[in-house]
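Below you'll find the structure, written out as structure tokens, and then a few comments.
The values are calculated or read from the model by the stated rules, or taken from the named source; none is laboratory data. What you are looking at is a predicted structure, and each value in this text was computed from that prediction instead of being measured. Cβ coordinates were reconstructed from backbone atoms using ideal geometry, including for glycine residues, and neighbour counts include every protein chain displayed.
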Amino acid sequence: MTKTENFDERPPANALRVQAWRDLPRDRGAARYKITRADGDFHLITLSKGNRIVLDALILQPLFCASPVRISDRVCILRHDYNVPIIKRMYGNDAATDRAKFGVYFLAAKVVRLGNDGGAA
């Protein structure tokens, strides 16, 4: 399910570089999500704690892969245990870290957090 795409251009300006958990959404309680693929197929999942925090952040914006809070661990759980389609795009020459290559995570499907009444939150 892991998919990596290579690009030469720069990552989106809104990509979040996570330095600490405080940079991510704060709500850790259980929440339901509807994940709809391009073919219209969907499934529902319930997440809490760190998995919810990372998915909520990905809904808002792409995330740089390298992070002191180990974003990649949560992304692996979301991909493999919850079938959330997350892709990694690779870029070159990160001026902020002097890395020759770096990745950014993106959602590869429509993901909506559902409210208590079943509607979008």
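Is it true that some residue in the stretch 105-115 is in contact with a Ser or Thr (Cβ under 9 Å, 6 or more places away or on another chain), at pLDDT 90 or above and of a type in the set (S, T, Y)? Within the stretch 105-115, one or more residues are in contact with a Ser or Thr (Cβ under 9 Å, 6 or more places away or on another chain), at pLDDT 90 or above and of a type in the set (S, T, Y).
Listed conditions (1) in a strand (DSSP E or B); (2) modelled with pLDDT of 95 or more; (3) surrounded by 15 or more Cβ atoms within 10 Å (Cβ to Cβ); (4) touching a Phe, Trp or Tyr at 6+ places or on another chain (Cβ under 8 Å) are all met by Y33, apart from (4).
Would you mind finding the one in I71, I87 that is touching a residue at least 24 places away in the same chain (Cβ under 8 Å), among the aliphatic types (A, V, I, L, M), in contact with an Asp or Glu (Cβ under 7 Å, 6 or more places away or on another chain) and surrounded by 18 or more Cβ atoms within 10 Å (Cβ to Cβ)? It would help to see each step written out before you state the result.
On the way: I71 fails: in contact with an Asp or Glu (Cβ under 7 Å, 6 or more places away or on another chain).
Result: I87 is the single residue among I71, I87 that is touching a residue at least 24 places away in the same chain (Cβ under 8 Å), among the aliphatic types (A, V, I, L, M), in contact with an Asp or Glu (Cβ under 7 Å, 6 or more places away or on another chain) and surrounded by 18 or more Cβ atoms within 10 Å (Cβ to Cβ).
Only one of the numbered conditions (1) buried (at least 16 other Cβ atoms within 10 Å of the Cβ); (2) free of Cβ contacts under 8 Å to residues at least 40 places away in the same chain is not met by D56, and that is (2). As a summary of the residue check, G40 satisfies the conditions (1) without any contact (Cβ under 8 Å) to a residue 40 or more places away in the chain; (2) in a loop (DSSP other than H, G, I, E, B); (3) within 14 Å of V104 (Cα to Cα) except for the one numbered (3). Inside the stretch 36-72, residues that are modelled with pLDDT of 95 or more and closer than 19 Å to R89 by Cβ make up a count of 9. Among the numbered conditions (1) at pLDDT 95 or above; (2) in a loop (DSSP other than H, G, I, E, B), the only one that H80 does not meet is (2). Tallying residues that are in contact with a Pro (Cβ under 8 Å, 6 or more places away or on another chain), in a loop (DSSP other than H, G, I, E, B) and either closer than 12 Å to S67 by Cα or modelled with pLDDT of 95 or more (or both) within the stretch 2-27 yields 3.
Given the criteria of a type in the set (G, A, S), out of contact with any Cys (no Cβ under 7 Å at 6 or more places or on another chain) and surrounded by 13 or more Cβ atoms within 10 Å (Cβ to Cβ), does A66 qualify? Spell out the reasoning first.
Values: of a type in the set (G, A, S): yes; out of contact with any Cys (no Cβ under 7 Å at 6 or more places or on another chain): yes; surrounded by 13 or more Cβ atoms within 10 Å (Cβ to Cβ): yes.
Taking the combined requirement at face value, the residue satisfies it.
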